[in-house]
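For reference, the structure discussed in these notes is given below.
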Amino acid sequence: MADSKEKSEGERPKNTGGEVIRINAKLIAYLHGICAYSAFFSALAVGCYLHYRDIVKNSSYQYPDEWFPSVSATIGDLYPERSVFQILIALTSGPRFMLLALNFVRLYREKSVLPYVALVSGVIRTFTCGGWVYITSTDDHDWHDIFMISYIVLTLPWEICIVALSPKNSLVRKGRMWTSISFFATIVPLIYWFIQHKVHEVAGAYSVYAYFEWTLIILDIAFDSWSVIDFADIEITVSGKGLVLLHTETKVPAKVAAKKVNGNDSFSFFEIMINLANSFIFWTVATSLFLTVWYFPLWHMGLSGYEAVTAIFFIAPLFLFVNPLKRFLAAHPSICRFLTVVFGIGAYKVTDPENRLLLITAGTAFGIIAFIVEAWSLSAKPAKYQSYMIIFLIGLMSTSIAKYACTTRNPIWPIMNENNGGYNSIGIFVGLIAALFTSSHYKNGALESSLEKVSGGSAILAAFGFGGYFYSLKTFLSDSSTLVTWAWEGYPIRGPTPVTGGILHFASFMIGILMAIKVRTGNTTSLPYHIIGALSAWTLYAFRNWIGFAGSCIYTIYLVSIAPIIWDSIVGYNIALVFGLGFLIHILLSLANVWTVAYAFVPAGWALRERSDIVLAMSFVVTCMGVINYRKKHASSEAPCATNGSLFKHTIQILSVLLALSTTIFFKRIPSAPYVPHNPETGSFTAGIWCIHFGLDNDMWSSERRMRDLISDAQVDIIGLLETDTERLIGGNRDLTQTIAEELGMYTDYGPGPNKHTWGAALLSKFPILNSTHHLLPSPVGELAPAIHATLDIYDELVDVVVFHSGQEEDEEDRRLQSLKLQEIMGDSSRPMILLSYLVTDPLEGNYNTYVSDRSKMHDIDSTDWDRWCEYILFRDLKKVAYARISRSTITDTELQIAKFKLLTDEEKENFDPDFFYGNHFVDEEEISEDLRMPDMFRGDGVRGHRYHVFDEPRYFAQEQ
């Protein structure tokens, strides 16, 4: 029995002095944290129960102006909470000094001064803690503050040294680092609210200050609590020989150890979430560059020169030809991730458009480099490489879901801010956390030697494939509404809407991701599979409504599912060459996409005028070059299969959450009640026309909310919006009508989609849209002129509304032909009608007389208003009530024009007097009933930069009283 006992304890040290006690050192850390937290929160509980009103009171205010006690008031002012705290904090001193000693032993480094600095600062810091604990602010306010400030100052060397000495890339080090950063970041708002309380004497400021003060306590104790993990391999033995510290080693199963050696194990769930956050940030920055560049040619009405910054996609990878730089950045990926967030997301802090664009460009460059070096460093580890690729796709889908929730605006784009619905600060916070915890998977020299020499493939084919693939993802999958607008044909609804289509798009995206994990590459590289992909691309282009959208869903699945092929095809080549050339292809395809609609403003625009089919086909063919390269690489060998169960499990978990989130958004966005006009009791309605400059205001901010507010304040029931087609790369793939329509309760017709090559025309109405037809008016030379001819149910009577945008000034023959076609459309209708238009003509001159004519049967809302050039409201068979023009402020470069109408009564129809109803007979506003007047808020100086400016006042027309 004795022999058996000795054998069972063979791994334990012999103890001739007699062992008294043996404990794991992590219990010391537990004991320290429990005692410390108990001291503070027991005092808080007792104080709130016994003396709540007394401890929330301060020198300036009391309850209810102040509602939360400060730390000092809780632990030092009253009995018994003061005693409860001091007894428990005294019990913390023993574990505290043991914690200091154990940290010194555990983190000791030869020839390093840091362990000694940590020990000395930690000991002195502990005594200063005793100073502000036992000398309360009531006892001696000055000494209490001196000890408190000294404690905070000594926290800096203590935490810096402990973090620096912690094992690199360990959870303990990252946890301590983040906790420390949070601690010092909390000091900033702490000081701000203390100043608000002490200097400005703001009511409630001290309670807010107290929140941050208690947060410091929580973070301070939490920092030391990370030692629970750090001390797990230390045991303390007390015996006859004295106190002995034993370091134990954790045994690792052979299979697990093998995985760690070859580095081919999968990412942990924590690493996957970090990569997902990084991917979200990357796609946000990458999609914002073209959007912000678009601001400049808008104002220049042609190429501005700022378009050159898009070359950063090509230039950034070229820096990686410098091998030392490439290796350094691969070994320290947090650097580029950090700079991506600071410049790319943080650019919103800069108000000047030019400087903001430069910061976004820098952020994009760092984002590209981070993406490339991380992919390269993982390329010799198939399982992790596959996981990285899948998360890259999920990151793209996550940005699309965020846009789905925010009506197609990415809430952390640099065109967003706290005033227009942005959550930029949250994006920066999450991005910096992800950057901080981004791990390096590069070991100097090991990667290059582990990558096999590529044979049978071509770096050029790989680059073309990646470029076409990246372009396709960005163009078609970065927003759930993009391909919905390709299929949209107007009312009655015969296909998906942005809300219903969005949830189906996400389902297709998720199916593609699961196929990318589970389906063998032999199936997705087969010729029939790519024929299906080609047919789906043709279907989404050639058909509309549900058939066209079904094609887009299949194409989505196809694009996502071939990701493993495209990513594998680029492995083994010089990354600077492959990604540099690949992103150049992406730029060229993006420019081709722009050329299809911007042909009137760009060189050789005629070559791709209205040829989205060519650009779509080119992107498909170029993407297939990556597939061809994959087949050439693996022609003589079996393709690698890195599918692993943990990746599939984690992907299912993430996709389940995203599906639940998108479904919740879907139900939230479905209208719950019919829309109601502004003044139904009067039987009147207001119609307006506005050219909104693609939803970017004069300072390059997203302007949807400002437009929404003006439209709402002006009580507009029907509005035509022009320059609205933003569901393309240069518009950020967003639908700005969704925000306005959903928040104001209006039906919306997006008008001709991005595959119709116009600058866009949209109709929003509080009255049901029964039918709408989209027109492309004759434009043999210049830009296409879009028009929407819709029939509305206005108070149970059918009224036609036409929204129209004429071609530019330079193409006179285009505008003449367009005026004749629109005259025909209006003249062929027998219903009451309103034209909300952009005509590019002077009043009473030229084509004006085609629009206002016997053939069109249309009349000007105010033929005496000579100060117009582009926007006009025409009407017939309606009773005009009022007309006004409202200044735009800085929202766009065009004013908002509105007109108020009433339906004709049966008696008025029988005794119709054209001179009375169509003439410009003005009456004094006092003769108009108040419920028919234009809103007063825009009189005089108006509000928010908006005021009436038709001869400085709204214009009221004669009507039957």
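Screening Leu616 with (1) more than 28 Å from the chain's Cα centre (by Cα); (2) touching a residue at least 24 places away in the same chain (Cβ under 8 Å) gives one miss only, at (1). Of the residues making up the range 323-341, those that are buried (at least 16 other Cβ atoms within 10 Å of the Cβ) and either in contact (Cβ under 8 Å) with a residue 60 or more places away in the chain or not assigned by TED's automatic domain parsing to the domain that holds Ser439 (or both) are Lys326, Arg327, Ala330, Pro333, Ser334, Arg337, Phe338, Thr340, Val341.
Residue-by-condition table, conditions (1) free of Cβ contacts under 8 Å to residues at least 40 places away in the same chain; (2) of a type in the set (A, V, I, L, M, F, W, C):
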| position | (1), (2) |
| --- | --- |
| Ala43 | no, yes |
| Val46 | yes, yes |
| Leu50 | yes, yes |
| Arg53 | yes, no |
| Lys57 | yes, no |
| Ser83 | yes, no |
| Ala101 | yes, yes |
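Report whether or not Trp538 is within 27 Å of Asp749 (Cα to Cα), surrounded by fewer than 17 Cβ atoms within 10 Å (Cβ to Cβ), over 26 Å from the mean Cα position of the chain (by Cα) and touching a residue at least 40 places away in the same chain (Cβ under 8 Å). Against the criterion (within 27 Å of Asp749 (Cα to Cα), surrounded by fewer than 17 Cβ atoms within 10 Å (Cβ to Cβ), over 26 Å from the mean Cα position of the chain (by Cα) and touching a residue at least 40 places away in the same chain (Cβ under 8 Å)), Trp538 does not qualify. Out of Arg327, Arg337, one residue alone is in contact with a helix residue (DSSP H, G or I) (Cβ under 8 Å, 6 or more places away or on another chain), basic (Lys, Arg) and either over 18 Å from Ile587 (Cα atoms) or at pLDDT below 95 (or both). It is Arg337. Please tell me if Leu588 is under 30 Å from Leu298 (Cα atoms) and surrounded by fewer than 17 Cβ atoms within 10 Å (Cβ to Cβ). When the stated conditions are applied, Leu588 passes them.
In the range 787-798, the residue that is surrounded by the fewest Cβ atoms within 10 Å (Cβ to Cβ) out of those that are out of contact with any helix residue (DSSP H, G or I) (no Cβ under 7 Å at 6 or more places or on another chain) and closer than 20 Å to Ser856 by Cβ is Leu798.
Here is a yes/no grid of residues against (1) within 30 Å of Thr791 (Cβ to Cβ); (2) assigned to a loop (DSSP other than H, G, I, E, B):
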{"position": "Ile493", "(1), (2)": "yes, yes"}
{"position": "Pro496", "(1), (2)": "yes, yes"}
{"position": "Met515", "(1), (2)": "no, no"}
{"position": "Ser552", "(1), (2)": "yes, no"}
{"position": "Pro564", "(1), (2)": "no, no"}
{"position": "Val571", "(1), (2)": "no, yes"}
{"position": "Phe579", "(1), (2)": "no, no"}
{"position": "Phe583", "(1), (2)": "no, no"}
{"position": "Val594", "(1), (2)": "no, no"}
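The C-beta contact set for the range 490-501 (first residue closer than 16 Å to Leu661 by Cα, second residue surrounded by fewer than 22 Cβ atoms within 10 Å (Cβ to Cβ), distance under 8 angstrom, 6+ apart or interchain) comprises Val499/Phe666; Val499/Arg669; Val499/Ile670; Thr500/Phe666; Gly501/Gly495. Against the test of being assigned by TED's automatic domain parsing to the domain that holds Ile788, buried (at least 23 other Cβ atoms within 10 Å of the Cβ), part of a strand (DSSP E or B) and within 46 Å of the chain's Cα centre (by Cα), the options Leu822, Leu836 yield a single qualifying residue, Leu836. With respect to (1) modelled with pLDDT of 95 or more; (2) within 24 Å of Leu608 (Cβ to Cβ); (3) touching a Ser or Thr at 6+ places or on another chain (Cβ under 6 Å), the lone exception for Ala761 is condition (3).
Matching residues to (1) β-branched (Val, Ile, Thr); (2) outside the structural domain of Pro297 (by TED's automatic domain parsing); (3) out of contact with any Asp or Glu (no Cβ under 7 Å at 6 or more places or on another chain):
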| position | (1), (2), (3) |
| --- | --- |
| Arg544 | no, yes, no |
| Thr556 | yes, yes, yes |
| Ile575 | yes, yes, yes |
| Gly582 | no, yes, yes |
| Val597 | yes, yes, yes |
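Leu320 fulfils the conditions (1) among the aliphatic types (A, V, I, L, M); (2) under 23 Å from Ala277 (Cβ atoms); (3) buried (at least 16 other Cβ atoms within 10 Å of the Cβ) except for a single criterion, (2). Say we look at the range 214-230 and pick out the residues that are part of a helix (DSSP H, G or I) and either touching a Lys or Arg at 6+ places or on another chain (Cβ under 8 Å) or outside the structural domain of Pro189 (by TED's automatic domain parsing) (or both); which of these is nearest to Phe41 (Cα to Cα)? Of everything passing the filter in the range 214-230, Phe223 is nearest to Phe41 (Cα to Cα).
Here are Ile390, Ile412, Ile372: which of them is crowded, with 24+ Cβ neighbours inside 10 Å and either touching a strand residue (DSSP E or B) at 6+ places or on another chain (Cβ under 8 Å) or not in a helix (DSSP H, G or I) (or both)? Result of the check over Ile390, Ile412, Ile372: Ile412.
Going through (1) under 43 Å from the mean Cα position of the chain (by Cα); (2) farther than 27 Å from Ile160 by Cβ one by one, Val84 falls short only on (1).
Taking the range 848-943 and the helices (runs of 4 or more DSSP H) fully enclosed by it, the elements with 3 or more residues that are closer than 27 Å to Glu797 by Cα and assigned by TED's automatic domain parsing to the domain that holds Met826 are at 906-910, 914-918. With respect to (1) in contact with an Asp or Glu (Cβ under 8 Å, 6 or more places away or on another chain); (2) modelled with pLDDT of 95 or more; (3) not aromatic (Phe, Trp, Tyr), the lone exception for Leu616 is condition (1).
Across the range 889-945, the qualifying residues are those that are over 39 Å from the mean Cα position of the chain (by Cα) and among the hydroxyl-bearing types (Ser, Thr, Tyr), and the one among them that is farthest from Leu298 (Cα to Cα) is Thr905. Six or more apart or on different chains, Cβ atoms under 9 Å: show the pairs whose first residue is in the range 272-295 and farther than 15 Å from Ala435 by Cα and whose second is crowded, with 24+ Cβ neighbours inside 10 Å and of a type in the set (Asp, Glu). Pairs that qualify, where the first residue is farther than 15 Å from Ala435 by Cα and the partner is crowded, with 24+ Cβ neighbours inside 10 Å and of a type in the set (Asp, Glu), are Thr287/Asp479.
Rundown of residues vs (1) in contact with a Phe, Trp or Tyr (Cβ under 9 Å, 6 or more places away or on another chain); (2) buried (at least 18 other Cβ atoms within 10 Å of the Cβ), yes/no style:
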site: Val153; (1), (2): no, no
site: Ile162; (1), (2): yes, yes
site: Ser170; (1), (2): no, no
site: Gly175; (1), (2): yes, yes
site: Phe183; (1), (2): yes, yes
site: Val202; (1), (2): yes, no
site: Asp220; (1), (2): yes, yes
site: Asp230; (1), (2): no, yes
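Considering the conditions (1) surrounded by 24 or more Cβ atoms within 10 Å (Cβ to Cβ); (2) without any contact (Cβ under 8 Å) to a residue 60 or more places away in the chain; (3) under 18 Å from Phe901 (Cα atoms), Ser712 is excluded by exactly one of them, (1). What are the residues in the range 766-789 that are under 35 Å from the mean Cα position of the chain (by Cα), closer than 15 Å to Leu822 by Cα and in a loop (DSSP other than H, G, I, E, B), if any? Within the range 766-789, Leu784 is the sole residue that qualifies.
The values are calculated or read from the model by the stated rules, or taken from the named source; none is laboratory data. Because the structure is predicted, anything quoted here is derived from the model rather than measured. Positions of Cβ are backbone-derived with ideal geometry, glycine not excepted, and every protein chain shown enters the neighbour counts.
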